[in-house]
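*Asks:* Sharing a structure here in structure tokens format.
The values are calculated or read from the model by the stated rules, or taken from the named source; none is laboratory data. All values reported here derive from a predicted model rather than from experimental measurement. Here Cβ is always computed from backbone atoms with ideal geometry, including for glycine, and neighbour counts include all displayed protein chains. Protein only, heavy atoms only, side chains kept; ligands, DNA and RNA dropped before computing areas. Shrake-Rupley method; radii C 1.70, N 1.55, O 1.52, S 1.80 Å.
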Amino acid sequence: METPASKTTASPPPLQEPDLKKPKMSTTTSDDEDAATMTPVGDTATKKQRYKRRKIAMFFAYCGVGYQGMQKNPGAKTIEGDLEEALFHAGAVPEQDRGIPKRYDWARSARTDKGVSAVGQVVSGRFYIDPPGLVERLHSNLSPQFRIFGYKRVTGSFNAKKFCDRRRYVYLIPVFALDPCSHRDRESVLASLGSGSELIKCLECSERGRKVAGAVGKRSFELTDISSNDKDASVKSEIKEEVGVLLDNGLEDIRNSETVNETKIFQNDGSGSKSVMPESVISSNSEDANVNPESKDEIIVSVENGDDEKTKSKEEMVKGSSFCYGEKEKERFNRILGYYVGSHNFHNFTTRTKAEDPSARRYIVSFEAKTTVNVEGIEFVKCEVVGQSFMLHQIRKMIGVAVAIMRNCAPESLIQTALQKDVNINVPTAPEVGLYLDECFFTSYNQKWKDSHEEISMKDYEEEAEDFKMKHIYSHIATTEHKEGSVALWLHSLNHRNYPDLRVSNTVDDNNSEDNNNGKESTGFENTAPCTSLCN
């Protein structure tokens, strides 16, 4: 029987210890995990340089046009998809980890929807940042829609999503969108006929008050010619619909109505019949793309009762809206946005999220619209919202409801109603083109690691970010509005036919509204004065 001692004596002799080699120095110091071996290029390149992965937070901006959002989605062109490929080609990600972001601890601080841009986006991960020049290599593999500002070393446990305390988004809404008299819907225009103040259909948009299919969320509208058959059919249907409405309003003689002027809805061809305004009058506005839409969004012709034969000069008949974002309008708009501040259930301001879902409850830190910016002749109101996190379409729906209230399409009480857990209503969604992610905040992380790590913020990149914002994001928003009229077309859909829930009243005390209104049904507009004349 063998003893432990016999086992020890029977073991083979130890191998000879190899000669010690002088350790190679890395270009940077780190205690991170694995190291990569890279061979420099050259005739005498015999030594190999070792590089290690570093945990970093990367700051960058992008214009979201043409992309299906930030988050990677198979089969779709996304920001993450292009950025991941650029990181691989720049040497920041090894071949075995290509397309597998979990292997390099990938995380994003915020997601953006389709077509939404960003100025202060942050992502984190473990990358090879050596040799120097990673930012330049990334730019060479990205389109001009991207701008990599730089990166900073972070702790090994850092996660751009989990460590982000707050996000700030900005929505640029044209000032004319807040004017109750601009881009009126079809029903309002027809209802004004024969009154003391007639609203003329919008000449800026070829649809002139009709709801455009897919206008909300899809900017596929183009000014194209239609066949004669289709044109005749649309003309007949339009005349039939408008004549029916006029008759319902008690107008006995359509031919004697005040809509026979060449700048109005109908034209008189000399035979006593009515025809829709020629397409050439409409399409001619596309040549004036650089003209401020505020100057001709809406036309009002004032007609004095009992004086049908009186004519006025063209300067007196055709007037542009003088609506401006003054102190009174600013105070009202900020009061409306203030209803969103705090912790609320936003299930009515997103999609596919039930009221019982805990994720429907979000906290809004602030929501303000105190400044304006003029870009390419269009004045925009800068709406800034800060919150812990946001759901899909949440900001665009919040803006949609606020604009509807400013245009007197809904009462202010609608917001409080929409924030109730037991209420389900459909609210409008503003176009995506005006929204962008402005900045992500890491306050708690910076406070904890202020003595050993760099601050994670956009302070070092403010000038470069502002330059990118003005050249790529702001100009894109203004140009899109000039060419496609995204917001202008969307405004035509803000009516009670498309959104009947806009009539919902928002006070709990309105349960007894039938008694207070002598048995009449409450619409929520008892204290809301409609716009019956142009704001001069």
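*Asks:* If you find the alpha carbon centre of the range 381-432 and of the range 453-469, how far apart are they in angstrom?
*Replies:* Value for the Cα centre distance between the two parts: 30 Å.
*Asks:* While we're on this one: Tell me the label-point distance for the pair R497, K382, using the 7 Å Cα-to-Cβ offset, in nm and rounded to one decimal.
*Replies:* Computed distance between label sites R497 and K382 equals 3.9 nm.
*Asks:* Between E379 and residues 5 or more places away or on another chain, which pairs have amide H atoms under 5 Å apart, with H built 1.01 Å from N, and which residues are they?
*Replies:* Answer set, sorted by chain and number: V175.
*Asks:* Right, here's the next one. Just to check I understand the Karplus step: with θ = phi - 60° and J = 6.51 cos²θ - 1.76 cosθ + 1.60, what whole-Hz values come out for the range 362-372, glycine and proline as x?
*Replies:* 3J(HN,Hα) across the range 362-372, in whole Hz: 10, 10, 9, 7, 7, 8, 9, 9, 10, 10, 10.
*Asks:* For the pair S444 and S143, what calculated FRET efficiency results from E = 1/(1 + (r/R0)^6), where r is the Cβ-Cβ distance and R0 = 60 Å, to the nearest 0.05?
*Replies:* With R0 = 60 Å, the Cβ-Cβ based efficiency is 0.95.
*Asks:* Take every Cα pair under 8 Å in the range 68-154 that's 6+ residues apart, average their separations, divide by the length, and report that relative contact order as a whole percent.
*Replies:* 28 percent
*Asks:* List the GluC sites (Glu not before Pro) within the range 433-466 that DSSP assigns to loop and that have no more than 15 neighbouring Cβ atoms inside 10 Å.
*Replies:* E454, E455
*Asks:* Continuing with this model, one more query. Going by Cα centres, the range 118-151 and the range 70-94 are how many Å apart?
*Replies:* Going from one Cα centre to the other spans 11 Å.
*Asks:* Would you work out if the range 408-480 is rounded, prolate or oblate? Take a ≥ b ≥ c from the square roots of the eigenvalues of the alpha-carbon gyration tensor; rounded if a/c is under 1.5, else prolate when a/b is larger than b/c, oblate otherwise.
*Replies:* Values: a/c = 4.40, a/b = 1.49, b/c = 2.95.
It comes out oblate by the Cα gyration axes.
*Asks:* Amide H to amide H under 5 Å from E439: which residues, 5+ apart in sequence or cross-chain, H placed 1.01 Å off N in plane?
*Replies:* Amide H neighbours of E439, under 5 Å, 5+ apart: G120, R168.
*Asks:* Where only protein heavy atoms count, and the probe is 1.4 Å, what is the accessible area per residue for the range 377-445 in Å²?
*Replies:* Averaged over the residues of the range 377-445, the accessible area is 25 Å².
*Asks:* Tell me, what is the FRET efficiency for V365 and H453 to the nearest 0.05, using R0 = 22 angstrom and their Cβ-Cβ distance as r?
*Replies:* Values: r = 25 Å, r/R0 = 1.14.
After rounding to 0.05, the efficiency reads 0.30.
*Asks:* While we're looking at this one, here's another question. Which order do peptides 110-117, 479-486 fall in by mean Cβ count within 10 Å, highest first?
*Replies:* Averaged packing, sorted descending, gives the order 110-117, 479-486.
*Asks:* Accessible area of the range 129-180 with a 1.4 Å probe: how many percent of it is carbon plus sulfur?
*Replies:* That fraction is 51 percent.
*Asks:* For a protection proxy built on the mean count of beta-carbon atoms within 10 angstrom, sort 191-197, 346-352 highest first, please.
*Replies:* Working: 191-197: 16.6, 346-352: 19.6.
Answer by packing, highest mean first, reads 346-352, 191-197.
*Asks:* A further question on this structure: Within the accessible area of the range 373-504, what % is carbon and sulfur when the probe is 1.4 Å and the other protein chains stay in place?
*Replies:* Its accessible area is 45 percent carbon and sulfur atoms.
*Asks:* Next question, about the same structure. Need one number: nm distance between label points at V373 and D467, each 7 Å from Cα along Cα→Cβ, rounded to one decimal.
*Replies:* For V373 paired with D467, the spin-label model returns 1.6 nm.
*Asks:* Okay, next question. Quick one: 3J(HN,Hα) in Hz for the range 479-487, Karplus 6.51/-1.76/1.60 with θ = phi - 60°, rounded, Gly and Pro as x.
*Replies:* For the range 479-487, the Karplus curve yields 5, 5, 5, 5, 7, 10, x, 4, 6 Hz.
*Asks:* Report the full-extension gain for the segment F88 to Q416: residue separation times 0.36 nm, less the Cα-Cα distance, to one decimal in nm.
*Replies:* Taking 0.36 nm per residue and subtracting the Cα distance, the gain is 113.3 nm.
*Asks:* If R0 is 51 Å, what FRET efficiency do you get for Q96 and E356 from their C-beta distance, rounded to 0.05?
*Replies:* Taking R0 as 51 Å, the efficiency between Q96 and E356 is 0.75.
*Asks:* Taking amide hydrogens as modeled 1.01 Å from N in the peptide plane, which residues meet the under 5 Å criterion relative to F149, leaving out close sequence neighbours?
*Replies:* Those lying under 5 Å, H to H, from F149 are F59, F60, A61.
*Asks:* Relative contact order of the range 325-387, please, whole-number percent, based on alpha carbon pairs below 8 angstrom and at least 6 residues apart.
*Replies:* Normalised by residue count, the contact order of the range 325-387 is 29 percent.
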